[in-house]
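Visitor: Submitted below is the structure of interest, expressed as structure tokens.
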Amino acid sequence: FTTAVLLTAPSLVLLGKLTNSHEGDSVELIDLPRRPSDISSIRAVKRDIEPLIIERDATASKEEKIELINQQSAPKKFKSYPGLMKSVMCGGHKAKSCDLCPQGNGASWCNAECEWRDGTCKRSSKLEHIHPDYFGITARYAFQPVMNQNREYVNIIMVRAPFREGDDEDLYNFYKDDILFLGISSFESFPLKSPNPYSETYESEYYLNMFPGFLHMMKEPEEHFPQPVETILMSQSDFMLEDAVKFGKMRAQEEKIYDFVYSGGDQDVARDCVGWASYNKNFSFVREALEVMCSPEFNVTGVLVANKNKAGTAACTIPEACHGKMVQTSFLDQSKFFGYLAKAKWAFLPQICDASPRVSTQAMSMNIPLLMNRNIMGGWKYLLPGQTGEFFNDINDFKESLRKILDNTRGGNSPYKPLEFVEENYGNVKSGKKLLEFVKKHWGDRIKFPNDTEY
């Protein structure tokens, strides 16, 4: 899948390629005829699931067997959480329910979550395998939907951040038996307590044992998660890399006019880049590092992204020696950011409090190596020294690592092969298949996947 972590709005996750081979799974009962007029109609159903319903009571009469089938194949009735805002997407507009989408305009106003059947607007048959309140839940920031390779939703929701709305936890507890909720590393150090002084505080134990499974970024997860929680080394930045790969190949011959690019998030320029985003992207260290990089010994050139306000009238202060060597930009959309990456020789990731740095795999997908802080919470798994970039530990060994990556990228024959590493290990197909296997292994009895699901 992708965890709607597809990263479209609302952010999605590709469950990897969820290969769906459900022969024999009891979830196939949903496909049984709802009103069979004769027990012979059951024979069309796969033989390996017949014992689940027919042989449960070998002495049952024909009528009793049919009633048992009807009971098990009837659609489940779900209750809705009282505080959930309910609406459906009809296409270009919303309504409280599908039957209210047309507003007298017929089938042309019945789209998205709904479809026109038998002369009325009804819930789309493509969504029958997910909870009716799925999209109301994933409209909240902490909850991410999950899709397969065909962009079909799966009845799994990823929890990507601490709960934000006052009743998020109540909502989770209300639906957790009908929807599979899994944690995923995406925000700061979640599920661990954030060291960021500008973030809300919570105890790590609060989330570590809340969900049955977690997609994490830890080096030693067994030291944090209790034993019942199933874990997999996987994070949001493992997915949705196809655009970066495509852009990188299209601009592979771009002239490299900068040594590096640094992405600062959306920094608080009015406070001279002191605040939540600046802490997460370790901008205080960047200023130290710039003193070294801009010195005559190294004479580095670079791009500091999101280092200016949106109006372009003010920028974060940087060392005097860097003026004329550093380009400072406002917050950029993805295409413009990729444009700068294509002109750079490496990407600079000095941050520590970052669970899933998308810029790391995006840069590598464009065949750009990394200079990365060894202490980063997530993303360390992407860096193989000498192959995908170089590590540094702190300012004390920064010069050594800087010299190594400059020597390797300023010449004509760089030894780094980050794109090759990404294509062998990450992206929707590779990560999606791993995620599908993980889900099926531990919760396959809870999920009915869309037909033809591969990841």
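The values are calculated or read from the model by the stated rules, or taken from the named source; none is laboratory data. In this text the structure is predicted, and so the values were computed from the model without any measurement. Here Cβ is always computed from backbone atoms with ideal geometry, including for glycine, and neighbour counts include all displayed protein chains. Quick note on the areas: whole protein, heavy atoms, side chains included, nothing else; ligands and nucleic acids left out. Shrake-Rupley method; radii C 1.70, N 1.55, O 1.52, S 1.80 Å.
Visitor: Across the stretch 345-376, what is the total count of residues that are among the hydrophobic types (A, V, I, L, M, F, W, C), farther than 16 Å from SER401 by Cβ and surrounded by fewer than 24 Cβ atoms within 10 Å (Cβ to Cβ)?
Guide: So the answer is 1.
Visitor: Sticking with this structure for a sec: Name the residues in the stretch 164-188 that are in contact with an Asp or Glu (Cβ under 8 Å, 6 or more places away or on another chain) and closer than 30 Å to ILE376 by Cα, would you?
Guide: GLU188
Visitor: Additional query: Modelled with pLDDT of 95 or more, open to solvent by 60 Å² or more (accessible area, probe 1.4 Å) and closer than 20 Å to SER189 by Cα: is that true of ARG403 in this structure? Walk me through how you get there before you give the answer.
Guide: On the way: modelled with pLDDT of 95 or more: yes; open to solvent by 60 Å² or more (accessible area, probe 1.4 Å): yes; closer than 20 Å to SER189 by Cα: no.
So ARG403 fails the test.
Visitor: Can you say whether VAL292 is closer than 21 Å to ARG374 by Cβ and touching a Leu at 6+ places or on another chain (Cβ under 7 Å), as far as the supplied structure shows?
Guide: Values: closer than 21 Å to ARG374 by Cβ: yes; touching a Leu at 6+ places or on another chain (Cβ under 7 Å): yes.
So VAL292 passes the test.
Visitor: Tell me yes or no: at least one residue of the stretch 288-297 is open to solvent by 10 Å² or more (accessible area, probe 1.4 Å), in contact (Cβ under 8 Å) with a residue 60 or more places away in the chain and within 28 Å of PHE239 (Cβ to Cβ).
Guide: No, the stretch 288-297 has no match at all.
Visitor: Output yes when any residue across the stretch 273-285 is closer than 26 Å to PHE338 by Cβ, open to solvent by 50 Å² or more (accessible area, probe 1.4 Å) and touching a residue at least 60 places away in the same chain (Cβ under 8 Å), and no when none is.
Guide: Yes: the stretch 273-285 contains one or more residues that are closer than 26 Å to PHE338 by Cβ, open to solvent by 50 Å² or more (accessible area, probe 1.4 Å) and touching a residue at least 60 places away in the same chain (Cβ under 8 Å).
Visitor: Oh, and also: Which condition number does PHE337 fail, the rest of (1) surrounded by fewer than 24 Cβ atoms within 10 Å (Cβ to Cβ); (2) hydrophobic (A, V, I, L, M, F, W, C); (3) under 18 Å from the mean Cα position of the chain (by Cα) being met?
Guide: Against the list (1) surrounded by fewer than 24 Cβ atoms within 10 Å (Cβ to Cβ); (2) hydrophobic (A, V, I, L, M, F, W, C); (3) under 18 Å from the mean Cα position of the chain (by Cα), PHE337 comes up short only on (3).
Visitor: Under 8 Å between Cβ atoms, which residue pairs at least 6 apart in sequence (or on different chains) link something in the stretch 339-350 that is assigned to a strand (DSSP E or B) with a partner that is basic (Lys, Arg)?
Guide: The qualifying pairs are ALA344/LYS256; LYS345/LYS256; LYS345/ARG410.
Visitor: If the Cβ limit is 6 Å and pairs must be 6+ apart or interchain, which residue in the stretch 220-231 that is charged (D, E, K, R) pairs with which residue that is open to solvent by less than 100 Å² (accessible area, probe 1.4 Å) and not in a loop (DSSP other than H, G, I, E, B)?
Guide: Once the first residue is charged (D, E, K, R) and sits in the stretch 220-231, its partners that are open to solvent by less than 100 Å² (accessible area, probe 1.4 Å) and not in a loop (DSSP other than H, G, I, E, B) give GLU230/GLY213; GLU230/HIS442.
Visitor: Turning to a different aspect of this structure: Pull up the stretch 365-404, narrow it to residues that are without any contact (Cβ under 8 Å) to a residue 60 or more places away in the chain and of a type in the set (Val, Ile, Thr), then point me to the one that is nearest to VAL245 (Cα to Cα).
Guide: THR388
Visitor: Where residues in the stretch 272-326 are closer than 22 Å to SER401 by Cβ and of a type in the set (Ser, Thr, Tyr), which of them is modelled with the lowest pLDDT?
Guide: Among those residues, the one meeting the criterion is SER284.
Visitor: Show me the strands (runs of 3 or more DSSP E) found entirely inside the stretch 101-201 where at least 2 residues are buried (at least 21 other Cβ atoms within 10 Å of the Cβ) and under 15 Å from the mean Cα position of the chain (by Cα). So that I can check it myself, show each step before the final result.
Guide: Working: elements: 114-117, 120-123, 143-147, 153-159, 180-184.
Hits in the stretch 101-201: 143-147, 153-159, 180-184.
Visitor: Can you work out which of the residues in the stretch 300-334 that are more than 17 Å from PRO369 (Cβ to Cβ) and among the polar types (S, T, N, Q) is surrounded by the fewest Cβ atoms within 10 Å (Cβ to Cβ)?
Guide: Start the filter on the stretch 300-334 by keeping residues that are more than 17 Å from PRO369 (Cβ to Cβ), which leaves 304-334.
Restricting the remaining residues to those that are among the polar types (S, T, N, Q) gives 307, 309, 313, 317, 328-330, 334.
On the way: ASN307: 25, ASN309: 16, THR313: 9, THR317: 11, GLN328: 20, THR329: 19, SER330: 17, GLN334: 13.
It comes out as THR313.
Visitor: Let me ask something else. Might you check whether a residue that is under 30 Å from PHE214 (Cα atoms), open to solvent by 20 Å² or more (accessible area, probe 1.4 Å), among the β-branched types (Val, Ile, Thr) and in a helix (DSSP H, G or I) occurs anywhere in the stretch 383-400?
Guide: Within the stretch 383-400, not a single residue is under 30 Å from PHE214 (Cα atoms), open to solvent by 20 Å² or more (accessible area, probe 1.4 Å), among the β-branched types (Val, Ile, Thr) and in a helix (DSSP H, G or I).
Visitor: Does the stretch 238-257 contain at least one residue that is among the charged types (D, E, K, R), under 22 Å from the mean Cα position of the chain (by Cα), loosely packed, with under 14 Cβ neighbours inside 10 Å and modelled with pLDDT of 95 or more? Full working, then the answer.
Guide: Going residue by residue through the stretch 238-257, those that are among the charged types (D, E, K, R) are 238, 242-243, 246, 249, 251, 254-256.
Now drop any that are not under 22 Å from the mean Cα position of the chain (by Cα), which leaves 238, 242-243, 246.
Next, from what is left, pick out any that are loosely packed, with under 14 Cβ neighbours inside 10 Å: 242, 246.
From what is left, the residues that are modelled with pLDDT of 95 or more are 242, 246.
Within the stretch 238-257 (the criterion being among the charged types (D, E, K, R), under 22 Å from the mean Cα position of the chain (by Cα), loosely packed, with under 14 Cβ neighbours inside 10 Å and modelled with pLDDT of 95 or more), the answer is yes, since at least one residue qualifies.
Visitor: Can you pull out every residue in the stretch 219-237 that is part of a strand (DSSP E or B) and modelled with pLDDT of 95 or more? Reasoning before the result, please.
Guide: Pass one, the stretch 219-237, residues part of a strand (DSSP E or B): 230-233, 235.
Of everything in the stretch 219-237, those that are part of a strand (DSSP E or B) and modelled with pLDDT of 95 or more turn out to be GLU230, THR231, ILE232, LEU233.
Visitor: Out of all the residues in the stretch 412-423, is one or more of a type in the set (A, V, I, L, M), out of contact with any helix residue (DSSP H, G or I) (no Cβ under 7 Å at 6 or more places or on another chain) and closer than 19 Å to SER237 by Cα? Write out each step before concluding.
Guide: As a first pass, look at the stretch 412-423 and keep what is of a type in the set (A, V, I, L, M): 419, 422.
Now narrow it down to the ones that are out of contact with any helix residue (DSSP H, G or I) (no Cβ under 7 Å at 6 or more places or on another chain): none.
Checking the stretch 412-423: not a single residue is of a type in the set (A, V, I, L, M), out of contact with any helix residue (DSSP H, G or I) (no Cβ under 7 Å at 6 or more places or on another chain) and closer than 19 Å to SER237 by Cα.
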